[in-house]
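Report on the following structure.
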Amino acid sequence: MTLRQLFTFLGIFSLLSVAESYFVTVDAHAEECFFEKVTTGTKLGLAFEVAEGGFLDIDIKIYSPDGKIVHEGERESNGRYTFPASMDGVYTYCFSNKMSTMTPKIVMFSMDVGEGIKPGHEAANGEEGWALQQPPISGEAAGGNKMEDMIRELSAALSGVKHEQDYMEVRERIHRSINDNTNSRVVLWSVFEALVLVAMTIGQVYYLKQFFEVRRVV
């Protein structure tokens, strides 16, 4: 890889979408909201998973800058939603636990922000009109564009793998907690059964002993 290709790679890599995972605790009768300021055409994505609490469900709403609901879901355990920004401004993601009376919920989520549409692409409703207004693409530029597309695809694939790993980790923790609780209950029930069995045995011995006692009449 030449120095120029290295700088090209670093420049493209700096433009890739940003994706980070977060954990938030949503108390009972509470709502937690997060905000993302973007421009028109930017690709937005939300992925979430309820890690702990109650029936592992949460209400989700996404609002556009003008206050309209872009997406709404009720009592969802996990989900993914991707959409392009229709206008400039702040988009709001809200997790609501208002349906819960006393149980807080722990939610793992990630907000992905991609790149906006390149200037000129939205004008012709296709690539032909935009391409006709541009100078011919040289072989080196075409190679750079191809490399850019490949890096973008690789970035999207790696981001998907990272999300899947995060979800698998959360699900493994949930199932392990369920297994531990089930094991504890089985052990306690077994101890209780053993105590009841011992008590019944002692009671039966004492009861049968009464039949073999010799009673003397004075």
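The values are calculated or read from the model by the stated rules, or taken from the named source; none is laboratory data. These figures come from a predicted structure and were not determined experimentally. Quick reminder, even Gly has a Cβ in these numbers, built from the backbone with ideal geometry, and neighbours come from all protein chains shown. What goes into the accessible areas is simple: the full protein's heavy atoms, side chains included, and nothing from ligands, DNA or RNA. Shrake-Rupley method; radii C 1.70, N 1.55, O 1.52, S 1.80 Å.
Observations on the model:
- Residue in the stretch 34-50 that is surrounded by fewer than 16 Cβ atoms within 10 Å (Cβ to Cβ), closer than 30 Å to residue 177 by Cβ and in contact (Cβ under 8 Å) with a residue 12 or more places away in the chain present: yes
- Neighbours by Cβ (under 6 Å, 6+ apart or cross-chain): first from the stretch 70-84, among the polar types (S, T, N, Q); second open to solvent by less than 80 Å² (accessible area, probe 1.4 Å) and assigned to a strand (DSSP E or B): 77/50; 78/49; 82/45
- Applying the criterion of being among the charged types (D, E, K, R) and on the phi < 0 side of the Ramachandran plot to the residues of the stretch 60-81, the residue that is surrounded by the most Cβ atoms within 10 Å (Cβ to Cβ) is 61.
- Assessment of the stretch 82-92 against the conditions (of a type outside the set (A, V, I, L, M, F, W, C), modelled with pLDDT under 75, open to solvent by 80 Å² or more (accessible area, probe 1.4 Å) and more than 26 Å from residue 30 (Cβ to Cβ)) yields no matching residue.
- For the stretch 58-80, the set of residues classified as at pLDDT 90 or above, in contact with a strand residue (DSSP E or B) (Cβ under 6 Å, 6 or more places away or on another chain) and part of a loop (DSSP other than H, G, I, E, B) consists of 64, 65, listed by residue number.
- Residue within the stretch 170-184 that is open to solvent by 100 Å² or more (accessible area, probe 1.4 Å), of a type in the set (A, V, I, L, M, F, W, C), more than 22 Å from residue 44 (Cβ to Cβ) and part of a helix (DSSP H, G or I) present: no
- Top-ranked residue in the stretch 81-117 [being among the acidic types (Asp, Glu) and in a loop (DSSP other than H, G, I, E, B); ranked as farthest from residue 167 (Cα to Cα)]: 88
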